[in-house]
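Working notes, beginning with the structure itself.
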Amino acid sequence: MGGLSRKAGWALALLGVSALAGCGAPGAGGSSLGNALLFAGPTVPPPAKTAIEDVYCPSVEIAEGGSSIQAFAGGRVGEQGALRSQIALGQIARECVGNPDGSTIVKIGVEGRALLGAGGSPGRYDVPVHIAVKSGSTVIANRSRRLSVTIPPGESQGTFSVVEEGILVPARDASSFEIEVGLGGSGPVSGRRTRG
């Protein structure tokens with residue numbers, strides 16, 4: 001008999017907690033206990049921001065002269081026998097997500113590879129990558145990253161990748177901005193070719 005009344009007591013307790021939890025629904029005021037059960041705290045958290053994915057997201061432009069970098073031994077520029085390495089851009093991707101206030105968050109991914117030339121040897125090579133987001137003459141973001149790519153012994157190439165995220169484009173520029181990527185340099189360059 002004691003076991004039965006204990007089960008009944010647990011059932012009533014669970015029913016009471018369920019009722020409290022229901023009273024703590026967002027927007028209904030609720031109780032601290034109900035909020036604690038539903039939200040792991042005494043207060044109702046603010047509603048999550050909704051991301052808008054169908055927004056303007058331009059093709060990526062490659063800065064003129066920024067698609068590759070060549071390094072020559074002994075300053076013998078242009079001599080194929082003296083070419084130590086060539087670093088070139090490969091795949092480029094971008095993602096744009098709109099905020100409720102009209103601004104856009106941009107993420108840009110860049111991949112590329114380094115190739116050994118006739119005068120090169122395995123080792124570590126520096127890769128300067130530049131990413132700019134702008135609207136007309138206004139520069140919204142100007143980011144430079146210095147990466148390294150390793151070409152191991154017995155190999156003739158190596159790959160690199162970088163992802164820049166959290167670039168905030170204000171609402172006033174969200175339908176007219178441009179994205180530019182290039183190797184080398186430290187600033188946006190005019191004269192570009194498009195990379196979808």
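The values are calculated or read from the model by the stated rules, or taken from the named source; none is laboratory data. In this text, all values refer to a predicted model and were calculated from it rather than measured experimentally. Note: areas computed on protein heavy atoms with side chains; ligands, DNA, RNA excluded. Shrake-Rupley method; radii C 1.70, N 1.55, O 1.52, S 1.80 Å.
Quick notes on this structure:
- Between SER144 and SER103, the contour length at 0.36 nm per residue exceeds the alpha carbon distance by 12.5 nm.
- Region 83-102 and region 105-134: distance between their alpha carbon centers, rounded to Å: 12 Å
- A 1.4 Å probe run over region 67-157, with the rest of the protein chains in place, finds 51 Å² accessible per residue.
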